[in-house]
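Data first, discussion second: the structure below is written as structure tokens.
Laboratory data are not the source of any read-out in this text; all were calculated from the coordinates shown. Treat the numbers as computed from the prediction; the structure is a model and nothing was measured. FYI the Cβ positions are ideal-geometry reconstructions off the backbone, even for glycines, and counts take in every protein chain you see.
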Amino acid sequence: MLIYPTMNPIAFSLGPLKVHWYGLMYAVGFIGAWLLASYRAKKPNSGWTIDEVSDLLFYTALGVILGGRVGYMLFYDLGNFLSHPWIIFQIWQGGMSFHGGLLGVLVAFYLFSRKTRKHFFEITDFAAPFVPVGLAAGRIGNFINGELWGRITDVPWAMVFPHAGGLPRHPSQLYEFFFEGVILFIILWIYSSKKRPRMAVSAWFAILYGIFRFGLEFFRQPDAQLGFIAWNWLTMGQLLSIPLILFGIFLLYKIHNNKI
């Protein structure tokens, strides 16, 4: 069994202002995505400028933060939100939903497409390889916060998290960091390095993220306020991942049949 390296969730303070590691991880994710996107934009015939990348990052940040927080409240903590609506602003305490953030980002991309007259899927294909960078940073933030821990286990690398009842558990945040962050980034970065049919990169992002998230949920402790949602073994994260996988398959079908 490994010892969980207990860390202060506050990185540093500037007078009364407390800067949390969780927020810094979001900044790391956005900056990393911007650097990679700028690198791609500088390539010949990329169809993108640095200014467009910066604008896209701004739209994406709004979509992630607003959609992620609202999605968490609606999908995972609706009762608490209805009784204490002000908690929606307490982002530093965690509580962000990927699926909510994804919906927020898609709305932001639609608005960006209207502004720039770029095709919607041209934007999603360009952005998809950079999303895992933010996912990886976010999971490290979860780990530092000691939240979203895994289920009880006796594997040699199990950890005892400070607020998880004193029993060894899967460090599921690190599993998700590796598969949803590192592995997904490598696959999409290599795949998108060559010209692909429109929607193909987006389709594979949806399929692979959905599969990784669905599988890793078997190691992650279900949210206490929800528990298992269906058949005593499916979690909310798994239920929300199924439509994502199906949508990715639908896009591949459309590509194969030249329907779009």
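Miscellaneous remarks
- Value of Rg to Rh for region 108-260 (Rh from inverse mean 1/r over Cα pairs, i.e. Kirkwood): 1.04
- Derived scalar couplings ³J(HN,Hα) [region 147-158; Karplus, 6.51 cos²θ - 1.76 cosθ + 1.60; whole Hz; x for Gly, Pro]: 10, 6, 6, x, 7, 4, 7, 10, 5, x, 9, 4
- Pairwise label distance in nanometres, T49 with L246, each label 7 Å out on the Cα-Cβ vector: 4.2
- Chain lengthening between I10 and A230 when straightened (0.36 nm per residue, less Cα-Cα): 75.5 nm
- Ranked F120, F30, F126, F228, criterion: other C-beta atoms within 10 Å, fewest first: F228, F120, F30, F126
- FRET efficiency, S193 to Y253 (Cβ-Cβ, R0 30 Å, nearest 0.05): 0.80
- Amide H contacts under 5 Å for R151: H170, R220, Q221, restricted to partners 5 or more places along the chain or on a different chain, H placed in the peptide plane at 1.01 Å from N.
- Taking the fewest neighbouring Cβ atoms within 10 Å as the starting point, the ordered list for L240, L62, L17 is L17, L62, L240.
- Full-stretch length increase - L167, N80 - with 0.36 nm per residue and alpha-carbon distance subtracted: 28.6 nm
- Computed from the Kirkwood radius of its Cα pairs, the Stokes-Einstein diffusion coefficient for region 219-260 at 4 °C and 1.567 mPa s stands at 107 µm²/s.
- Each of L244, L174 was scored by other Cβ atoms within 10 Å of its Cβ. Listed from fewest to most, they are L174, L244.
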